[in-house]
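Remarks on the structure that follows.
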Amino acid sequence: MQRSHLLLQNAASKAAAAKAAGEAAVVNQHLQWRKQFGFGEGASAEVLSSRNSPHFYKPLYHHLDPSLLKPRESGSFSYLLHHLKSSFSGFYSICTSQQARDQFLHLTARSIEDINNNDHGHGEENTGIINTFVLNQSDMGFMKVMTLYQDLSNPLFDEANFDTETEVRQFLNGCSFALEQFHTVQADYLKNLEAALDTIDYSADNAESKQKSIIENVENLRAAIDTIHTNSSADNVEGEHESKTQEKGEGGFHHKFFDIVENDQESTESALASMLSPEGLDRIFFDTAMYSFVKNISGGVDSNTENQNPLALAELPSDPQVMHACLLSARVEEIEASGVNEERRNEDDNNPDAPLEDESLKPFADRKVQTILQLEVLYDLEFLTNTLDNSTDGSNNNKSFKSVNVAKFETCIKNDPNGDELQWRLCSWRPAREFGHL
């Protein structure tokens, strides 16, 4: 969402200000701290695959080896090439097949309820799976419509016995509620993080002690974030996994996060783990690092004020509402286990001291080809923020903000190690660059 983009811009500007003031050591300390956290691609999948617990989601092949399913970034060459090839194929099939023409009209047609509501003046939404009115306004125009039609006609759906129309309609009916729940839980998680970071003392008597305080604060951010997880559950960080975290050292934050998930099913962390894929969890961990960094720099750069945290970030969003969800793209791929996955799985097999484990709980035990479906959804997000009004007596003002975003969901429709039931999980969320929202 746009807030993440603004956080990155804020982080860059604060880092530049710190360097100009002779405090470049803060940035260097942060880079070391971020490396210690291990916020890397596939980090969450590594932790999940090492747990071997029925409480956790079993990562798929491309989670452990992201090169197996590289994303198509808007504006990239692969993105353009895919639209050119797919739109041409879709247009050709429509021109040469009556069945294809009927299917296209069926996917773009509005439902009876939608038509009746519009006739009575109750709305202007298009409930067709392919919303031509919205997609024609994208960067690819009508090619986006034909590409989506061609992708929904992929023969892999039939091979997986996947009822495309029924399942996609059910997905679109529920994705708005799912996104609202995610943004609500995400805000709660960041509020807990902010509460822990607010305990850091940013005050200093002089420039030298202030610089030292900033560096110490950056070094202590990991302890501050750990405070969140220590306080969020009464008995969540004791026992076997705590010793594993201490032994691991690097990436310990991930292990502590999943300790809470396993021990406290009512926690915010558990809610996030049930909504997100490993790729989405990596994004949450990255946002945690960036938010912590910006919050720390904001509180430590300027000491010419009576407030301890003079440049605090705006209040976090609340009461999110998702409207007008529209299917943007559909991608289905067959993925085989790579040599990297094989090597990773066989590391313990060659170790005579490795403990015995239930083979059925290990990911990729049967080595079957997995069929992955990823759906991107365009949606409007509206939320409120509470800002302090300095012109009055300190009362709070509720301001409404709107943004247009794209969310990517995924599920495994064939040979899912987590069971036969479809499990839609959120992979990523970002501004709708295809429609000019940066």
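Points to keep in mind about this one:
- In segment 271-282, of all residues being assigned to a helix (DSSP H, G or I) and closer than 15 Å to Val47 by Cβ, the one that is most open to solvent (accessible area, probe 1.4 Å) corresponds to Glu279.
- Test: residue in segment 184-207 that is in a helix (DSSP H, G or I), open to solvent by less than 50 Å² (accessible area, probe 1.4 Å) and either among the basic types (Lys, Arg) or at pLDDT 95 or above (or both): no
- Residue match in segment 25-34 (condition: modelled with pLDDT of 75 or more and either assigned to a loop (DSSP other than H, G, I, E, B) or among the hydrophobic types (A, V, I, L, M, F, W, C) (or both)): no
- For beta carbons closer than 6 Å, sequence separation of 6+ or different chains, a first residue in segment 377-404 that is at pLDDT 55 or above and a second that is small (Gly, Ala, Ser) and not in a loop (DSSP other than H, G, I, E, B), the qualifying pairs are Val377/Ala325; Val377/Ala407; Tyr379/Ala325; Leu381/Ser403; Leu384/Ser318; Leu384/Ser400.
- Restricting segment 48-81 to residues that are part of a helix (DSSP H, G or I) and crowded, with 19+ Cβ neighbours inside 10 Å, the residue that is nearest to the chain's Cα centre (by Cα): His63
The values are calculated or read from the model by the stated rules, or taken from the named source; none is laboratory data. What you see is a predicted model; the values in this text were computed from it and never measured. So basically every Cβ, Gly included, is an ideal-geometry build from the backbone, and we count neighbours across all protein chains shown. Each accessible area value is taken on the protein alone, full model and side chains, heavy atoms only, with ligands, DNA and RNA left out. Shrake-Rupley method; radii C 1.70, N 1.55, O 1.52, S 1.80 Å.
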